[in-house]
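Input: a single structure, listed below in structure tokens.
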Amino acid sequence: MLTAYDYSVAKLIDAAGIDVILVGDSLGMTMLGYEDTLPVTMEDMIHHTACVSRGAKDAFVIADMPFMSYQTSVHDAVYNAGRLIKEGHAHAIKLEGGASVCEQIKAITEASIPVCAHIGLTPQSTNAFGGFKVQGKNMQRAKQIVEDALSVQEAGAFMVTLECIPEKLASLITDILDIPTIGIGAGNGCDGQVLVYHDMLGMFTDFKPKFVKHFGNIGEEMTKAFVSYRDEVKSKAYPAAEHTFKIEDEIMEELYKEYR
Ligand code: KIV
């Protein structure tokens, strides 16, 4: 699984044979420049999900439910999940939280919308956690995460994202659950992995979490290309003859006679 937020990148990811595209609320940081995901709205999510859905022909598209679109009530959760499917054309939704959001997971699932749960480090709870920190390192929190995993499965989630928890804890959860686990910062024992594409391409440089690997340096390549463009436009090397449209000389002679 990889994130995408627009048509062109969704097409590229789809063509690479990635099974699942996540329209993550991480778009708040990568696309919109916020410090965290909290300001992201339903309108933002629907807009970007619809772009991705138009580009993804084979991949399964999951859309994130933004902060306060499902925590407020079960009714809001079902209504907003429905909007991501009807208006964004997602195949499924993802929401953050364990036992505390199981009523929402159950109701959304009963409305025939597949739900991917998200536990461990849940970025929408950054204020409650006191920042982006690894979760589940002590016995109490580790047990709570295992219980959350069992609860979301019981509530009907078809898949669960495990974010920023120790590898061995993620492996235990993967072992005891029947549904697939998708890890991000949760080691190699999960059933699948997800990354934010800006992170894995080296395009987001505000900070680099320990679990991120750069599979390319596209950010650097883009900057190089922008600099070349600037230089070639200034030196008039671009546009060259092959980028230019032609017109009959006689027409130009007439136009010069009339206008110069
Ligand atoms: O918003 C997002 O991109 C996510 C992934 C980091 C799992 O939730």
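Specify the inter-centroid distance of segment 243-260 and segment 74-89, based on alpha-carbon positions, in whole Å.
A separation of 57 Å, based on Cα centres.
Please identify which residues in segment 27-56 have an amide N closer than 15 Å to a label point set 7 Å out from the Cα of ALA16, following the Cα→Cβ vector.
56
For GLU220 and GLU154, FRET efficiency with R0 = 35 Å and r from the beta-carbon atoms, rounded to 0.05?
Efficiency, rounded to the nearest 0.05: 0.15.
Computed FRET efficiency, Cβ-Cβ of ASP175 and HIS47, R0 25 Å: what is it to the nearest 0.05?
The value I calculate is 0.05.
Taking all protein chains as present, what is the carbon and sulfur share of the accessible area of segment 2-216, in % to the nearest whole number, probe 1.4 Å?
55 percent
So what are the ³J(HN,Hα) numbers for segment 236-242, from phi and the Karplus equation (6.51, -1.76, 1.60; θ = phi - 60°), rounded to whole Hz, Gly and Pro as x?
6, 5, 10, x, 8, 3, 5
Under a plain spin-label model, where a point goes 7 Å from the Cα along Cα-to-Cβ, how far apart in nm are ASP191 and HIS89?
Taking the two extended label points, one gets 2.7 nm.
So which residue, out of ALA15, ALA59, ALA117, gets the largest mean-square fluctuation from a GNM of the chain using Cα contacts under 10 Å as springs?
Answer for the Gaussian network model of the chain: ALA15.
Taking 7 Å along the Cα-to-C-beta vector as the label spot, tell me the GLU250-TYR238 distance in nanometres, rounded to one decimal.
Distance between label points: 3.7 nm.
Using the Karplus equation 6.51 cos²θ - 1.76 cosθ + 1.60 (θ = phi - 60°), what ³J(HN,Hα) coupling, rounded to whole Hz, does each residue of segment 139-152 give in order, writing x for Gly and Pro?
So the Karplus estimates, Gly and Pro as x, are 4, 4, 6, 4, 4, 4, 5, 4, 4, 4, 4, 5, 5, 5 Hz.
Leaving out ligands and nucleic acids, and using a 1.4 Å probe, what accessible area per residue does the chain come to in Å²?
With all protein chains present, the chain gives 55 Å² per residue.
Assuming 0.36 nm per residue, please report the length gained on full extension of the stretch TYR259 to VAL227 beyond their Cα-Cα distance.
Residue separation times 0.36 nm, minus the Cα-Cα distance, leaves 7.8 nm.
Which value in nm describes the separation of the simple spin-label points at ARG54 and GLU167, placed 7 Å from the Cα toward the beta carbon?
Taking the simple label geometry, ARG54 and GLU167 are separated by 4.2 nm.
Antiparallel as a % of all DSSP beta bridges within segment 2-216, to the nearest 5?
Around 5 percent of the beta bridges assigned by DSSP in segment 2-216 are antiparallel ones.
What do you get for chymotrypsin sites (Phe, Trp or Tyr not before Pro) in segment 174-238 restricted to DSSP loop and a cutoff of at most 14 other Cβ within 10 Å of the site's Cβ?
Answer by residue number: PHE207, PHE215.
The values are calculated or read from the model by the stated rules, or taken from the named source; none is laboratory data. Fair warning: this is a prediction, and the values are worked out from it, not measured in the lab. Cβ atoms come from the backbone with ideal geometry, glycine included; neighbour counts cover every protein chain shown. Just so you know, the surface numbers come from the protein's heavy atoms only, side chains and all, with ligands and any DNA or RNA stripped out. Shrake-Rupley method; radii C 1.70, N 1.55, O 1.52, S 1.80 Å.
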